[in-house]
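Novice: Questions regarding the structure given below will be posed in turn.
We did not get these values from a lab; they are worked out from the coordinates using the rules stated. Because the structure is a prediction, the values reported are computed rather than measured. Quick reminder, even Gly has a Cβ in these numbers, built from the backbone with ideal geometry, and neighbours come from all protein chains shown.
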Amino acid sequence: MTGFMTRYKRTHSCGELRAGQAGETVVLMGWAHRRRDHGGVIFVDLRDREGVTQVVFNPEIAPEAHREAHRIRNEYVLAVRGTLRERLEGMTNPQLPTGEVELMVEELEILNESRTPPFVMEAETDVSETVRLKYRYLDLRREKIQKNLILRSTVAAATRNYLAERGFIEVETPFLTKSTPEGARDYLVPSRVNPGMFYALPQSPQIFKQLLMVSGLDRYYQIVKCFRDEDLRADRQPEFTQIDIEMSFITEDDLMNVIEGLMAAIFKVGIGMEPERPFPRLTWTEAMDRYGRDNPDTRFGLELENVTDIVRNCGFKVFAETATRGGVVKTLKIEDGRRLSRKDLDEMPGYVSDFGAKGLAWARVNEDGWTSPLFKYLTADEVAGINRRVKAAPGDLIFFVADSPGVANDALGNLRVRLAQKLGLIKPGSFSFTWITDFPMFEYSDTEKRYMATHHPFTAPVDDDIALLSTDPGKVRARAYDLVLNGSEIGGGSIRIHRSDVQSMVFKALELGDDEVRAKFGFLIDALEYGTPPHGGIAFGLDRIIMLMAGAESIRDVIAFPKTQKATCLLTDAPSPPSMEQLMELSLKVVRDKE
RNA sequence: GGGGUCGUAGUUAAGUUGGUUAUAACGCCGGCCUGUCACGCCGGAGGCCGUGGGUUCGAGUCCCAUCGACCCCGCCA
């Protein structure tokens, strides 16, 4: 039988038929998910985006269709017409939403055949990612990945609705744009028309969205690709998507209010979760003190304590010397330390050494002191003081790291998360939002030998700190904020500088030369001189948000066509060498680094 | 740039102190089977052991190099 497509239209999806529709004549189209051939009757699970329906080929009902059905193999594309039947008692499949019905096929057309697929299209599969990425179009047939893409689409739509309702205007900004200093490595695009010149793909539409505020657009948003040529991680891809937002005539509170509403809207529609509002706020200093990171996971306690003052003059040299040199001694206390196995404990020092810690001391708290290599070096007062500070009870375990504040926080902040995972302190399916505020404006870079912008160079300093820009840049606080969810930074932004004199002072503090500033963003300085409104904004990593919502372990599972850790695409084999003609046209020559 | 894990049929894995014909499951092909739904039963095919070099009488196994996938550090304003 041929001509099925012109004679019939699909009447239903494979996921919607129920017992109430029994008796109807229906037409389904989809893929043969699985075939069960009993010699007589043949069952095929027909699959499409919406689900699976069992279709039945019975030689007594439709001999011709039954004969043709013998040819069906996995992933063949089928069109079937037949009568829907309620399954008899004992023949239903409670695991399928459509399990109470089956389609008794009267007519079949095999619309297309399929080579034997390299893996089965099950929701759960243990196929290697290499194979999945090579055959991504097949991997995307799997329900699990399709669900993620659907979630992503739903969240993007909800974002557009929410922002449009509040007067935000979606504006597209250029991809072929100008390289900016600071920040990540740029992806460059050669200009054929301008030999030797290059565009840069945007790391974010930062400057354009600020210019739109100068233009009086007032409220802007865009769901937009951004590009950063840095090494990849489980949650980092070279091209990723931001929800980018900018608003005029606002303060931090105005923006946070809008954003909390946005988060509530997308988490509701995405996964039916309604976060408590307002979101808690932590200053950067507090976050570092208590959690050791500027992106603390606040789903559990396990906070760090600083005991530097107690051990400053103690008999344990490492502690005392670290304190004297301006370092810190910080602790992490585990209630009932026996929950950690010997093996767990053995792995801890290696783990903190990844973050630069030279050692990890420990103490088991007893009724009458500690079991610890440290115990004999400390006075009773010092031990009691530490116990009091960390609120230790007998049976508890205390970890110590003595180092520079940066290393100690990094080591213990990451150990904290690791231990919480080991101890099962993180409730699955829980979500905890936190704003981090009052970031330092600059961080001193040892490699560059100068201050670098913590956020970016257009971030406004706190008004009271403007005078410090020229005298003590390290003390200046920025009007920047990050939104952290479950230990991931999902978004960050700031109130921007809207005065050109302040902008110049910041460039000066960054030791960017006048010529460089002029060449790189003279246009922004100029723009700021034409009546720029106070403005600010934020940008969210859409991929990371979806990843958290979906509970995905990798950002690749929420991106249709992701890249490998080496930034290649196993499906298309990109990147690839250009032809000689292409190079000539672009006035380019490839120079291979011979060691 | 650095540290780690891994690479054996289409897929996922096993493979002992180096030893003769490299296993298993699923998938695939053929046969049987009219109520299965991870259908069942019988039979069969399928291997550049990532690649290159070395040690050895002999290498999936040991050594070196290299390629690739993943995780992490650096990096990611």
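Novice: Under a 5 Å amide H to amide H cut-off, with H placed in plane at 1.01 Å, what residues pair with A:TYR451 once short-range neighbours are removed?
Specialist: A:SER445
Novice: Moving on. Quick one: A:GLU276, A:GLU335, A:GLU60, fewest Cβ neighbours within 10 Å first, how do they rank?
Specialist: Ordered from fewest to most neighbouring Cβ atoms within 10 Å, A:GLU276, A:GLU335, A:GLU60 come out as A:GLU60, A:GLU276, A:GLU335.
Novice: Give the relative contact order (percent, whole number) for chain A; include only Cα pairs under 8 Å separated by 6+ residues.
Specialist: 13
Novice: Let me ask something else. Using all alpha carbons of the stretch A:1-42, what is the percent of pairwise distances in each 5 Å bin, ordered from the shortest bin to the longest?
Specialist: Final binned percentages: 5, 15, 20, 20, 26, 13, 1.
Novice: Still on this structure, I have one more. About the Cα centre of chain A, what is the dipole size in debye to 20, counting +1 per Lys and Arg Cβ and -1 per Asp and Glu Cβ, all else neutral?
Specialist: Charge dipole of chain A: 1020 debye, to the nearest 20.
Novice: Would you mind giving the average projected area, over all directions, of the Cα convex hull of chain A in nm² with one decimal?
Specialist: Mean projected area for chain A: 37.3 nm², to one decimal.
Novice: Packing-wise, with mean Cβ within 10 Å as the measure, how do A:387-394, A:115-122 rank, highest first?
Specialist: Sorting A:387-394, A:115-122 by mean packing, highest first, produces A:387-394, A:115-122.
Novice: Hey, can you grab everything whose amide H is under 5 Å from the amide H of A:MET441? Only 5+ residues off in sequence or another chain; H modelled, so Pro and N-termini drop out.
Specialist: Close amide H contacts, sequence-distant or interchain: A:VAL476, A:ARG477, A:ALA478.
Novice: Let me ask something else about it. Which value, in Å³ per residue, describes the convex hull spanned by the Cα atoms of the stretch A:75-215?
Specialist: 274
Novice: Still on this model: When a footprinting reagent is the concern and you count Cβ atoms within 10 Å, what order do A:SER248, A:SER500 take, fewest first?
Specialist: By the 10 Å Cβ count, ascending, the order reads A:SER500, A:SER248.
Novice: In addition: Give me the number: length gained by fully extending A:ASP368 to A:LYS343, i.e. 0.36 nm times residue separation minus the C-alpha to C-alpha distance, one decimal in nm.
Specialist: Gain on stretching A:ASP368 to A:LYS343: 6.4 nm.
Novice: Sort A:201-212, A:420-431 for me by packing, meaning the mean count of neighbouring Cβ atoms within 10 Å per residue, highest on top.
Specialist: Ranked by mean Cβ neighbours within 10 Å, highest first: A:201-212, A:420-431.
Novice: Considering only DSSP beta bridges whose two residues both sit in chain A, what percent are antiparallel, to the nearest 5?
Specialist: If I count the DSSP bridges inside chain A, around 95 percent turn out antiparallel.
Novice: Using the Karplus curve 6.51 cos²θ - 1.76 cosθ + 1.60 with θ = phi - 60°, what ³J(HN,Hα) values do you get for each residue of the stretch A:415-426, in whole Hz, with x for Gly and Pro?
Specialist: 4, 4, 5, 4, 5, 4, 5, 4, 8, x, 7, 9
Novice: Near A:LYS427, which lysines are there with a Cα under 28 Å away, not counting those fewer than 8 places off in the same chain?
Specialist: A:LYS144, A:LYS147, A:LYS268, A:LYS330, A:LYS333, A:LYS343, A:LYS391
Novice: Only Lys, Arg, Asp and Glu count, each charged at its Cβ (+1, +1, -1, -1), so figure out the dipole size of the stretch A:363-403 about its Cα centre, rounded to 20 debye.
Specialist: In debye, rounded to 20, the stretch A:363-403 gives about 80.
Novice: Next up: For the stretch A:28-98, what is the per residue volume of the convex hull drawn over the alpha-carbon atoms, in cubic angstrom?
Specialist: Roughly 97 Å³ of hull volume per residue.
Novice: Continuing with the same structure: Just to be sure I understand: of the beta bridges DSSP finds with both ends in the stretch A:437-595, what percent are antiparallel, rounded to 5?
Specialist: Of the beta bridges lying entirely in the stretch A:437-595, close to 100 percent run antiparallel.
Novice: Give me the extension gain from A:THR251 to A:ARG299: residue separation times 0.36 nm, minus the current Cα-Cα distance, reported in nm with one decimal.
Specialist: 14.5 nm is the gain from fully extending A:THR251 to A:ARG299.
Novice: If I fit a long axis through the Cα atoms of helix A:380-390 and take the longest principal axis of the Cα atoms of chain A, what angle between them do I get, 0 to 90°, rounded to 10?
Specialist: 40
Novice: Calculate, in whole percent, how much of the Cα-Cα pair population of the stretch A:132-228 lies beyond 22 Å.
Specialist: Percentage above 22 Å: 53.
Novice: Report the charge-dipole magnitude of the stretch A:27-154 in Debye, nearest 20, computed about the Cα centre from +1 at each Lys and Arg Cβ and -1 at each Asp and Glu Cβ.
Specialist: 620
Novice: Which order do the peptides A:408-416, A:442-450, A:290-298 come out in when sorted by mean C-beta neighbours inside 10 angstrom, highest first?
Specialist: A:408-416, A:290-298, A:442-450
Novice: By how many degrees, 0 to 90 and rounded to 10, does the Cα axis of helix A:143-165 deviate from the longest principal axis of chain A?
Specialist: 60
Novice: How far, in degrees from 0 to 90, does helix A:500-509 lean away from the longest principal axis of the Cα atoms of chain A, to the nearest 10?
Specialist: 70
Novice: Continuing with this model, one more query. How large is ³J(HN,Hα), in whole Hz, for each residue of the stretch A:288-301 in order, when computed from phi with the Karplus curve 6.51 cos²θ - 1.76 cosθ + 1.60 and θ = phi - 60°, using x for Gly and Pro?
Specialist: After applying 6.51 cos²θ - 1.76 cosθ + 1.60, I find 5, 4, 8, 10, x, 9, 8, 10, x, 7, 9, 7, 8, x Hz.
Novice: If I stretch the segment between A:THR2 and A:TYR137 completely, what's the gain in nm (0.36 nm per residue apart, minus their alpha carbon distance), one decimal?
Specialist: Taking 0.36 nm per residue and subtracting the Cα distance, the gain is 45.9 nm.
Novice: Right, next: Using the count of nearby Cβ atoms within 10 Å as a rough guide to exposure, how do A:GLU86, A:GLU585 rank from fewest to most?
Specialist: A:GLU585, A:GLU86
Novice: Then there is this: State the three equivalent ellipsoid semi-axes of the stretch A:233-390, derived from the C-alpha gyration tensor as the square roots of 5 times its eigenvalues, in descending order and whole Å.
Specialist: Those come to 40, 19, 17 Å.
Novice: I've got another one for you. Rounded to the nearest whole Å³, what is the per residue volume of the convex hull around the Cα atoms of the stretch A:492-591?
Specialist: 222
Novice: Using a ≥ b ≥ c from the Cα gyration tensor of the stretch A:1-128 (square roots of the eigenvalues), is it rounded, prolate or oblate, where a/c under 1.5 gives rounded and otherwise the larger of a/b and b/c decides, a/b for prolate?
Specialist: rounded
Novice: Report ³J(HN,Hα) in whole Hz for each residue of the stretch A:199-205, in order, from the Karplus equation J = 6.51 cos²θ - 1.76 cosθ + 1.60 where θ = phi - 60°; Gly and Pro get x.
Specialist: Once rounded to whole Hz, the list reads 8, 10, 6, x, 6, 5, x.
Novice: Rounded to the nearest 500 deg cm²/dmol, what is the calculated helix-only ellipticity per residue at 222 nm for chain A, with -39500 (n - 2.57) per DSSP H run of length n ≥ 4?
Specialist: Per the formula, -8500 deg cm²/dmol.
Novice: Show the residues, 5+ positions off or on another chain, whose built amide H is closer than 5 Å to the amide H of A:ARG496.
Specialist: Hits under the 5 Å cutoff: A:ALA460, A:HIS535, A:GLY536, A:GLY537.
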